[in-house]
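These notes concern the structure reproduced below.
The values are calculated or read from the model by the stated rules, or taken from the named source; none is laboratory data. Since the structure is predicted, the reported quantities are computational estimates derived from the model, not experimental observations. Every residue, glycine among them, receives a Cβ derived from its backbone with ideal geometry; neighbour counts consider all protein chains shown.
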Amino acid sequence: MGGDCRRFAPVSLPADPAVPPHLERRLTLLPATALNMANMLGAGPFITISTMMSALGGPQSLLGWLIALLIALPDGMVWAELGAALPGSGGTLRYLREGFGPQTWGRLMAFLFLAQLLVSGPLEIASGYIGFLRYLDYLWPGVLDHGRPTLRGGIVLVVLGLAVIGLLYRRIRSIGRLMVTLWVGMMVTVAGVLVTGLWHFDPKVAFDFPPDAWKFSWGFALGLGVAARTGIYDFLGYYDICYLGDEVKDPGRTIPRSLLLSLVVVAVIYVGVNLSIIGVVPWRTLVPEDQHPESAYVVSAFMERLHGPAVARFFTVMVLWTCLGSCFALLLGYSRIPYAAAREGVFFQVFGRLHPTRHFPHVSLLLLGLLAIAASFLSFDLVLTTLVALRIAVQFLGQIAALVLLRRHRPELPRPYKLWLYPAPLVLATAGWIFVFGTLDPGVMLWVGLSMAVGVGAFFGWAAWRREWPFAETPGGPDGDGKTLGDCGKTGAFTKVRARE
């Protein structure tokens, strides 16, 4: 039972003993960058403009974009170093385990990350479905009623979610090609909005500041936090390729390059898209959102104002394509995390199975896909606030600490990419995450704290049931060889077995 370290090795469940299923390294720089950008360029910038404008009551809210970028860029460098040094399925799951100790506190941190991911991951995918339904309401009125899905809209959400699962039910090689195809459609949409908006840009409309726009106060700081939170939501996904590290060619170079390239390109696109739209559509016609239905499909209203209903309908279809591409990319990345957790013994082993012929984690894909469909019936504000709060508390701040610990305790670890100007980017990112989290509603912060406490309790219950750290068997246990979980080596049995593979 408890004495042999080999029992902690990943469980392999091959359908054919001669050719066991395995993840295939097929993703190169282009599909990797396309994957990240698809996550970032989904529904976000097309459905959050009115939310952004409402944060501070005017175009000064765009300052939130700058704060979000100042957080995302240094945080992206953290992801780049971790992704290049520890490429593998699961991304954060692996970084936290190795950083905090693969057989001790790293197990707790990985468990907490997985717990929040099972909530925040489906919420993020669901936000794309919500954006899809908002723009579909322009083409097919009646799928929404006061911002909530009707029976017809609910059927659309279910069909859409199942369709995305179906598109991902294939080998990674064909997924890479499909991802590039979806990305091309997204870029066409963005380019159309940028060119049209900049051609008709009116600075008097774009920078129509209210009289008290720059009156600094506590209320201004809270509003700025809301704007930054919205900007962070739109930037989420610049790291998605890290979740597929086992499926990336030359990950030490491809991961950091695709990550930083997608961040810089999308940041420029975001600024251009937002200025393009508010330079044509007066922000006052979008705020407050509940009194202006067109704020739900602002790109459609933007195109209709300039070119009429026919062109507006065409671009609405392109936005729907963009939402689809984003949901596809998100579910692809997140489906690898429960798989990686199961392979490393911190989740149910059934999720560690690969499809016997197509070689992808099909059980994990189905779990995340179905949870995302259920989450798409929630309100968009609840989805946005909850997922950002959970990510900050566990994932983003946890990874920064993990990077510091790895540099201190694992200096021999190969690092194809090293974070520039260390530790300045860590300080900037940490300060930014704390600011955004600190401007959340106290009720949300309390809910996040309680959920983390429940997660810690669940972990210790799980560990006690499995007789693992910190309840591992003491010397002289049932097998009589005196070994404990911590005796499996400095870097852990999982790391050793994965290295041999």
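Data table
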quantity: Condition met for residue 232 (touching a residue at least 24 places away in the same chain (Cβ under 8 Å), under 25 Å from residue 373 (Cβ atoms) and touching a helix residue (DSSP H, G or I) at 6+ places or on another chain (Cβ under 9 Å)); calculated: yes
quantity: From the options 244, 259, 263, residue that is under 25 Å from residue 25 (Cα atoms), at pLDDT below 90 and not β-branched (Val, Ile, Thr); calculated: 244
quantity: Considering residues of the range 192-212 that are among the aliphatic types (A, V, I, L, M) and surrounded by fewer than 16 Cβ atoms within 10 Å (Cβ to Cβ) only, the residue farthest from residue 90 (Cα to Cα); calculated: 198
quantity: Of the criteria (1) farther than 28 Å from residue 26 by Cα; (2) assigned to a helix (DSSP H, G or I); (3) at pLDDT below 95, which one residue 142 fails; calculated: (2)
quantity: Residues that are assigned to a helix (DSSP H, G or I) and of a type in the set (A, V, I, L, M, F, W, C), drawn from the range 274-301; calculated: 275, 277, 278, 283, 296, 298, 299, 301
quantity: Residue 468 at pLDDT below 85, in a loop (DSSP other than H, G, I, E, B) and surrounded by 14 or more Cβ atoms within 10 Å (Cβ to Cβ); calculated: no
quantity: Filter result for residue 271 (part of a helix (DSSP H, G or I) and modelled with pLDDT under 90); calculated: yes
quantity: Selected residue [aromatic (Phe, Trp, Tyr) and over 24 Å from residue 255 (Cβ atoms)] from 396, 360, 377; calculated: 377
quantity: Failed item in (1) within 25 Å of residue 439 (Cα to Cα); (2) in contact (Cβ under 8 Å) with a residue 40 or more places away in the chain, with residue 397 passing the rest; calculated: (2)
quantity: Sole exception among (1) at pLDDT 90 or above; (2) under 21 Å from the mean Cα position of the chain (by Cα) for residue 154, by number; calculated: (2)
quantity: Residue selected from the range 382-394 under the condition of a type outside the set (Val, Ile, Thr) and touching a residue at least 24 places away in the same chain (Cβ under 8 Å), by the criterion farthest from residue 47 (Cα to Cα); calculated: 393
quantity: Contacts under 8 angstrom Cβ, first residue in the range 59-70 being touching a residue at least 24 places away in the same chain (Cβ under 8 Å) and within 16 Å of residue 433 (Cβ to Cβ), partner part of a helix (DSSP H, G or I) and of a type in the set (D, E, K, R), 6 or more apart; calculated: 64/229; 68/234
quantity: Subset of the range 221-245 (residues that are of a type in the set (Val, Ile, Thr) and either surrounded by 24 or more Cβ atoms within 10 Å (Cβ to Cβ) or in contact with a strand residue (DSSP E or B) (Cβ under 6 Å, 6 or more places away or on another chain) (or both)); calculated: 230, 232, 241
quantity: Check on residue 338, farther than 30 Å from residue 226 by Cβ and surrounded by fewer than 22 Cβ atoms within 10 Å (Cβ to Cβ); calculated: no
quantity: Within the range 200-232, tally of residues that are modelled with pLDDT under 90, farther than 15 Å from residue 61 by Cβ and in a helix (DSSP H, G or I); calculated: 1
quantity: Yes/no for residue 80 being aliphatic (A, V, I, L, M), closer than 22 Å to residue 35 by Cα, in contact (Cβ under 8 Å) with a residue 40 or more places away in the chain and touching a Leu at 6+ places or on another chain (Cβ under 6 Å); calculated: yes
quantity: Count of residues meeting criterion [crowded, with 16+ Cβ neighbours inside 10 Å and either among the basic types (Lys, Arg) or not in a helix (DSSP H, G or I) (or both)] in the range 430-452; calculated: 2
quantity: Those residues of the range 127-152 which are touching a strand residue (DSSP E or B) at 6+ places or on another chain (Cβ under 8 Å) and of a type in the set (Asp, Glu), in sequence order; calculated: 137
quantity: Answer residue from the range 133-162, given it is closer than 30 Å to residue 354 by Cα and either aromatic (Phe, Trp, Tyr) or touching a residue at least 12 places away in the same chain (Cβ under 8 Å) (or both) and is surrounded by the fewest Cβ atoms within 10 Å (Cβ to Cβ) among those; calculated: 162
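Table: residues versus (1) within 15 Å of residue 117 (Cβ to Cβ); (2) surrounded by 22 or more Cβ atoms within 10 Å (Cβ to Cβ); (3) of a type in the set (A, V, I, L, M); (4) in contact with a strand residue (DSSP E or B) (Cβ under 9 Å, 6 or more places away or on another chain).
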position: 331; (1), (2), (3), (4): yes, yes, yes, no
position: 334; (1), (2), (3), (4): yes, yes, no, no
position: 347; (1), (2), (3), (4): yes, yes, no, no
position: 356; (1), (2), (3), (4): no, no, no, no
position: 363; (1), (2), (3), (4): no, no, yes, no
position: 368; (1), (2), (3), (4): yes, yes, yes, no
position: 396; (1), (2), (3), (4): yes, yes, no, no
position: 406; (1), (2), (3), (4): no, no, yes, no
